[in-house]
Amino acid sequence: MVLRLQYLKYQIRGASLLPYFLNFPKDQALPQRLIDYIEEHLDKIRAQIDLDTPLTWAPDNRVVRALLATLFSRFYSFSPRLITDMIDNSQSTELRRQGIDSLEDFRLWVWHHIQDHYGGFYPRKKRDEVFKVVAETLKLTPNLVSLLLTAHRDDQMLLQRKNDTPTAESAIGGYNFEFLETLLYNSDTVTLLISGKSLGATARALLKYTKRYGVLVDLESADSSLRATIAGPRVFFGRASSFGWNIAQVISSVLQDAPSLGIKLDTIFIDVILRDRHYTVKLDYETLPPLIPPRLTKPPEAFLDSKVEKQFYWSWHNNKFRGWDIVREPEAFIFGQTLIIPDFALVKGENRVLLEIIGYWREEYTQKKRAQLELLKQQGLQQMILLVDTKHRKAFSKSPYPVVFYQSRAKRYEIPYGKILKELPS
């Protein structure tokens, strides 16, 4: 969930943005007080709950607003009421006799009644009269008729808990994650500095996460560390988008699995754009706050960038055209500071040809990728084929490597496998 920008507490110092994260247990008092307050009001309707008073519980109500938004996004919700919770058994029997089993049925019944007896409209001064007639017909009270007709409104929704009672720690971790996601939502690029025993192994671990969550990444070696530049939402769409959540999930996954992978996320640089100005957010490993991603109802399905990559892999894997096998995400190649893990390697005996798919990128990123490929060719990487979406034909009219174009048609991709085979060694 992306927070509203006006909910974010931060400081601007020159070109740097300093976000106000929370830490446990130092900052647990406020979230715990909010949780206790919400728990006291469970099963009450929104109209009966004062959510303004909690805004006075901290010197800066932006933190309170952001915490409340996190709690209501992850742990609590206002849910529609059921008609069976608002009437007794005898009333329920009479309503069912009239074909009414839900609040929607009730509103429809009243609408038909007004159509039949009042021509579809009644003046406001006759409201009590109409409600009295409806109540007598359905053996209800006029007040209950009014309540049933308005029970679908937001202010009549019931406050309920989604799962277990949250803790101050889970509220803080959720708040920090939502804060980070909001920054990433408005980012241009995100750079991670990661150290590990092996640059290649570190790169493969990172690539697993970026592919899982569908974001693009450029990899470079920086001394003994790996520099990973993840394309922010504006690189894809020129504006903020839901990809902030994807990037936040990548960062959380790296942090969670770092000990078992033998890697360490040293520094995060986020190029944030607020009100058309660029600011840098720098987060060090030692000062990075606890982050708790939201529960995923369905785990990400792929370690593949896109549908075209999935189609290409399984078509080649199942057919093994002319005896050429396919390997997904082969080993990392390091040329100077540039590190690349191509999408696939096509293998036959001693022959090994890399294949990179270029699909849904924006023009700016496509130009950057082409420059990177030219650098790889200069540094000695010879055997590579590019499978490029035909919409990028102009950008790759002059390419350092052989290019084969594909196009989409009716939710399938027309991939000219024969042209790829022509580019392979005999």
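The values are calculated or read from the model by the stated rules, or taken from the named source; none is laboratory data. Bear in mind the structure is a predicted one, so any value in this text is a computation, not a measurement. Note: ideal-geometry Cβ built from the backbone for every residue, glycine included; neighbour counts use all protein chains shown.
The C-beta contact set for segment 280-296 (first residue under 19 Å from ASP257 (Cβ atoms), second residue of a type in the set (Phe, Trp, Tyr), distance under 7 angstrom, 6+ apart or interchain) comprises PRO289/PHE21; PRO290/PHE24; LEU291/PHE177; ILE292/PHE177; PRO293/PHE177. Restricting attention to segment 53-98 and to residues that are among the small types (Gly, Ala, Ser), under 19 Å from LEU22 (Cβ atoms) and within 26 Å of the chain's Cα centre (by Cα), the residue that is surrounded by the fewest Cβ atoms within 10 Å (Cβ to Cβ) turns out to be SER73. Sort through ALA66, ALA29, ALA47 and tell me the only one that's outside the structural domain of HIS113 (by TED's automatic domain parsing) and modelled with pLDDT under 95. That would be ALA47, the only listed residue that is outside the structural domain of HIS113 (by TED's automatic domain parsing) and modelled with pLDDT under 95. Taken together, ASP43, ASP101 contain a single residue that is at negative phi and either of a type outside the set (Lys, Arg) or exposed (fewer than 14 other Cβ atoms within 10 Å of the Cβ) (or both), which is ASP101.
Return the only residue of ILE358, ILE341 being among the aliphatic types (A, V, I, L, M), at pLDDT below 80 and crowded, with 16+ Cβ neighbours inside 10 Å.
Criteria check complete, one pass: ILE341.
Sub-9 Å Cβ pairs linking a first residue in segment 99-110 that is of a type in the set (Lys, Arg) to a second residue that is in a helix (DSSP H, G or I), at least 6 apart or interchain, are ARG107/LEU148; ARG107/LEU149, ordered by first then second residue.
Within segment 142-166, the set of residues being loosely packed, with under 15 Cβ neighbours inside 10 Å and touching a residue at least 40 places away in the same chain (Cβ under 8 Å) comprises HIS152, ASP154, ASP155, GLN160, ARG161, LYS162, ASN163, THR165.
Please work out which residue is surrounded by the most Cβ atoms within 10 Å (Cβ to Cβ), limiting yourself to segment 104-141 and to residues that are small (Gly, Ala, Ser) and over 21 Å from ASP85 (Cβ atoms).
Let us first name the residues in segment 104-141 that are small (Gly, Ala, Ser), namely 119-120, 135.
Filter once more, so that each one left must be over 21 Å from ASP85 (Cβ atoms): 119-120.
Details: GLY119: 8, GLY120: 10.
Restricting to residues being small (Gly, Ala, Ser) and over 21 Å from ASP85 (Cβ atoms), the top hit is GLY120.
In the set (1) at pLDDT 90 or above; (2) over 20 Å from GLN156 (Cβ atoms); (3) not in a helix (DSSP H, G or I), the condition left unmet by GLY120 is number (1).
For segment 338-426, give me every one of the strands (runs of 3 or more DSSP E) that falls completely inside it and has 2 or more residues that are within 22 Å of ALA231 (Cα to Cα). The qualifying strands (runs of 3 or more DSSP E) are 338-340, 351-358, 384-389.
For segment 127-176, which residues satisfy the criterion of being hydrophobic (A, V, I, L, M, F, W, C), farther than 24 Å from ILE114 by Cα and in a helix (DSSP H, G or I)? Selection gives ALA168, ALA171, ILE172. Against the definition (among the acidic types (Asp, Glu) and either crowded, with 24+ Cβ neighbours inside 10 Å or modelled with pLDDT under 90 (or both)), how does ASP218 come out, yes or no? Yes, satisfied. Taking first residues from segment 398-413 that are of a type outside the set (Phe, Trp, Tyr) and partners that are crowded, with 18+ Cβ neighbours inside 10 Å, the Cβ contacts under 6 Å between residues at least 6 apart in sequence or on separate chains come to PRO400/LEU373; PRO402/ILE385; VAL403/LEU386; VAL403/VAL388; VAL403/PHE396; VAL404/LEU387; VAL404/ILE420. Filtered by the rule that a residue be among the acidic types (Asp, Glu) and buried (at least 24 other Cβ atoms within 10 Å of the Cβ), segment 167-194 gives GLU178, GLU181. In the set LEU42, LEU22, LEU17, only one residue is touching a strand residue (DSSP E or B) at 6+ places or on another chain (Cβ under 7 Å), under 27 Å from GLU178 (Cα atoms), in a loop (DSSP other than H, G, I, E, B) and touching a residue at least 60 places away in the same chain (Cβ under 8 Å); that residue is LEU42.
LEU18 - would you say it is farther than 30 Å from LEU138 by Cβ and either buried (at least 17 other Cβ atoms within 10 Å of the Cβ) or among the hydrophobic types (A, V, I, L, M, F, W, C) (or both)? Yes.
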